[in-house]
Amino acid sequence: MKKLKKLKIKQWLYLIIFISINWLFNSKGIAYDVRGAVYRPDGKPSSETNIWLVHAVQGIFKTKSDMAGNFLFQNCGFGEVSIIAKDKEQRIGGGTFVLMQDEGEIRIYLFNGVKQKLKVYNPNLTPISGAFIRRLWIGEKFCVPMEELAEQGYGWIRSNDEGEIILTNMPSNEFIRVIVAHVDYADTYLPFVPINENKNMDVILQKGTLIRGRVVKDGKGIKNATIIILQKGANNQRLFLPVKTDKEGLYRIRLDKGEYTIFATHPEYPNTVPKEISVVNMIEDEIPIDFEFKGALFLQGTIQLLDGSPCKLAKVAIREENDVEDFTFTNEKGEYLLKSSSKKAKVRVFPPPGYITESLPEIPVDFKDEQKIIMPIIYVKKLPEIKGEVKFQDGKGGDHVFIRTTNLEFPIYTITDNEGKFQILFDVMPEVNPVQFVAEHALRFVRSDFAVDLFKENKTLKVKLDSYEPKQEKFVNKENENRLIGLIDKPAPEIKCRSWFNFKGSSNPIKEMEGKVIILLFWGGFDRTPWGRKHVEEMRALFDLYKSITDVQFLSIHDGTFDDDEVQNYIKEYQIEFPVGVDSDQSDTFTNYTIELIPQSLIIDKKGIIRYTDLEGRIIELIKILRRL
């Protein structure tokens, strides 16, 4: 029997519970059984335990475990599934996965936990009663859709008259994410709440502006349409839950200041044209926004491997000429069905990990007078392995050459061997093609840019390094001009960490490392955004590049709000070998370096002076400059 694994979020899989986007077709006629068992923290079966299965399209199912802890859900369709278990002692457990076959060996382990208190205030710092938890994420393991489960016997979690929300049995040495809601305030998303029963997490709700309207088709209100809200800026990191319309097609939600894109979706109709709104102040009583669904044009097709077998879980996206977007995933037969409200559109295919389309992935579509188009079969094949060789101008092999992609959201890094050879393996098909690379020597001012077209047969690449003049400007990226500007050309402040990992030096490493160029990273293991992970992965790769170079040193400081055990778990998870210091309980180091946003990197010269804080895309170049001063 296997332990329930968490869903790993990849570029090709952007799944959100309760947003049903064209999966009804793909799950039609395909039903699976989900079997498993629930276990108490001591490892014994947990009987009479409530278990909910939350399906992205079909909704919520509930059952109870038998005396042996076993449970069964039948006739579940293809799609994302979350399983949540809760016993009489209020202990919980669960997991999230993509259901694409019968599952008969699911294990759910309940855990003993601690209390975590949230204190909810209005902008005047007056406690708010009646606030409730809409969503609760237990680390990266699973999501508890509180609002939906409340009506299915899970129960509401609300703030009392003192504004306190008490979350019981939260896992220690872990973090949670929550969305706090109130009928009179805008939803507030807390992306990171470290579990600490001795610390309250303060939550300030903003009044927000009321957004309300109606969704119709041919003048009639559409029940259970979903309103999707996306906030512009900040890489769309802010999360807003979808809102359902009532039986009359009416909806309402409160939004804080910001720029938003809003549209409506429903399994039976194409998505509506997105609407842009700007909430600039809280004076407006409300902003009315209505949506109308149009008649559907249908696009049907199949995706196969080269041997003719079906390609499951390929993402197929459509973009109409009116900027309406939608997507679906192929079912176990490799079939997909997309809807369009426009006669002209573009279809793009994103195969599952390890595969690439045989030809260009974007296909123009013109329905003309057709109601339904049957697409030609789209074939996918294994992603190619990129091999190459780097040489200096004199023809000798370029060892110690750092190679990285420059146009991917999730960069790829590699280092040449002693003969200048390298190979690159892609996990998923990149969203851009060709893929741009830069190869740069660790010690000499030579580098080369090159590109790889993944849809063409690539022979062994030949990359020749050219000399270049280094740029010593403090800032080359405009968006970084004001970050830490007060620290530049001044002695590096003292580092005060309560503990260190991968480091056996003194408590004052900056002074101890005089005579070396130091790359210093401020980070937090909880930051799993592409931007956050990029900095950690780049630091890991650069540490490997320079670990034999004695006058280059890497240091990092982790947010001190975490326990040491938590930080150590992040170090193991990310396979970090460079030194990691955990900031003091008072965040002395973050304060000394005026760190307000993470991740943040900077470079200190051999005399202990901070020289650069704008490192994006040029760390190696700056290291070489400072090594020669």
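The values are calculated or read from the model by the stated rules, or taken from the named source; none is laboratory data. These numbers come from a predicted model, not from an experiment. We place every Cβ from the backbone using ideal geometry, glycine too, and count neighbours over all the protein chains shown. Just the protein is used for accessible areas: all its heavy atoms, side chains included, with ligands, DNA and RNA removed. Shrake-Rupley method; radii C 1.70, N 1.55, O 1.52, S 1.80 Å.
Are any residues in segment 545-566 touching a Lys or Arg at 6+ places or on another chain (Cβ under 6 Å) and either surrounded by 21 or more Cβ atoms within 10 Å (Cβ to Cβ) or free of Cβ contacts under 8 Å to residues at least 24 places away in the same chain (or both), and if so, which ones?
The one that is touching a Lys or Arg at 6+ places or on another chain (Cβ under 6 Å) and either surrounded by 21 or more Cβ atoms within 10 Å (Cβ to Cβ) or free of Cβ contacts under 8 Å to residues at least 24 places away in the same chain (or both): Gln553.
What residue, among those in segment 487-507 that are modelled with pLDDT under 90 and not hydroxyl-bearing (Ser, Thr, Tyr), is nearest to Arg628 (Cα to Cα)?
Gly505
What do you reckon, is Ala225 surrounded by 14 or more Cβ atoms within 10 Å (Cβ to Cβ) and modelled with pLDDT under 95?
In short, yes.
Name the residues in segment 176-193 that are open to solvent by 10 Å² or more (accessible area, probe 1.4 Å), over 18 Å from the mean Cα position of the chain (by Cα) and not aromatic (Phe, Trp, Tyr), would you?
Selection gives His182, Val183, Asp184, Asp187, Thr188.
Does any residue of segment 576-589 turn out to be over 28 Å from the mean Cα position of the chain (by Cα), over 24 Å from Lys496 (Cα atoms) and assigned to a loop (DSSP other than H, G, I, E, B)?
No, segment 576-589 contains no residue that is over 28 Å from the mean Cα position of the chain (by Cα), over 24 Å from Lys496 (Cα atoms) and assigned to a loop (DSSP other than H, G, I, E, B).
Restricting attention to segment 435-456, and to residues there that are among the charged types (D, E, K, R) and within 25 Å of Phe410 (Cβ to Cβ), which single residue is surrounded by the most Cβ atoms within 10 Å (Cβ to Cβ)?
Glu440
Which condition from (1) at pLDDT below 95; (2) within 22 Å of Lys456 (Cβ to Cβ); (3) crowded, with 19+ Cβ neighbours inside 10 Å is the one that Val390 breaks?
(1)
Name the residues in segment 372-396 that are farther than 30 Å from Pro270 by Cα, assigned to a strand (DSSP E or B) and in contact (Cβ under 8 Å) with a residue 60 or more places away in the chain, would you?
Residues satisfying the conditions are Lys381, Ile386, Lys387, Gly388, Glu389, Val390, Lys391.
May I ask you to verify whether Asn173 is open to solvent by 10 Å² or more (accessible area, probe 1.4 Å), at pLDDT below 90 and assigned to a loop (DSSP other than H, G, I, E, B)?
Against the criterion (open to solvent by 10 Å² or more (accessible area, probe 1.4 Å), at pLDDT below 90 and assigned to a loop (DSSP other than H, G, I, E, B)), Asn173 qualifies.
Which strands (runs of 3 or more DSSP E) does segment 1-92 wholly contain that include 1 or more residues that are within 30 Å of Phe426 (Cα to Cα) and either open to solvent by 30 Å² or more (accessible area, probe 1.4 Å) or at pLDDT 95 or above (or both)?
In segment 1-92, no matching strands (runs of 3 or more DSSP E) lie anywhere.
Tell me, which strands (runs of 3 or more DSSP E) lie completely within segment 317-368 with 2 or more residues that are under 27 Å from the mean Cα position of the chain (by Cα) and surrounded by 14 or more Cβ atoms within 10 Å (Cβ to Cβ)?
The strands (runs of 3 or more DSSP E) meeting that bar are 325-329, 335-340, 344-350, 355-357.
Need the failing condition index for Leu408 against (1) under 30 Å from Arg528 (Cα atoms); (2) touching a Pro at 6+ places or on another chain (Cβ under 7 Å); (3) modelled with pLDDT under 90, just the number.
Unmet for Leu408, out of (1) under 30 Å from Arg528 (Cα atoms); (2) touching a Pro at 6+ places or on another chain (Cβ under 7 Å); (3) modelled with pLDDT under 90: (3).
Considering only segment 93-107, state which residues are closer than 18 Å to Lys44 by Cβ and surrounded by 19 or more Cβ atoms within 10 Å (Cβ to Cβ).
Answer for segment 93-107, where residues must be closer than 18 Å to Lys44 by Cβ and surrounded by 19 or more Cβ atoms within 10 Å (Cβ to Cβ): Gly93, Ile106.
Within segment 541-561, can you find the residues that are of a type outside the set (Gly, Ala, Ser), part of a loop (DSSP other than H, G, I, E, B) and in contact with a Phe, Trp or Tyr (Cβ under 8 Å, 6 or more places away or on another chain)?
Scanning segment 541-561 gives a single hit, Asp559.
Inside segment 489-544, can you point out the residues that are open to solvent by 60 Å² or more (accessible area, probe 1.4 Å), closer than 20 Å to Thr561 by Cα and not polar (S, T, N, Q)?
Glu494, Lys496, Arg498, Arg528, Arg533
Tell me yes or no: at least one residue of segment 108-124 is under 27 Å from the mean Cα position of the chain (by Cα), within 30 Å of Gly334 (Cα to Cα) and in contact (Cβ under 8 Å) with a residue 40 or more places away in the chain.
no
Looking at this structure, is Lys471 under 27 Å from Leu425 (Cβ atoms) and open to solvent by 90 Å² or more (accessible area, probe 1.4 Å)?
No: the conditions fail for Lys471.
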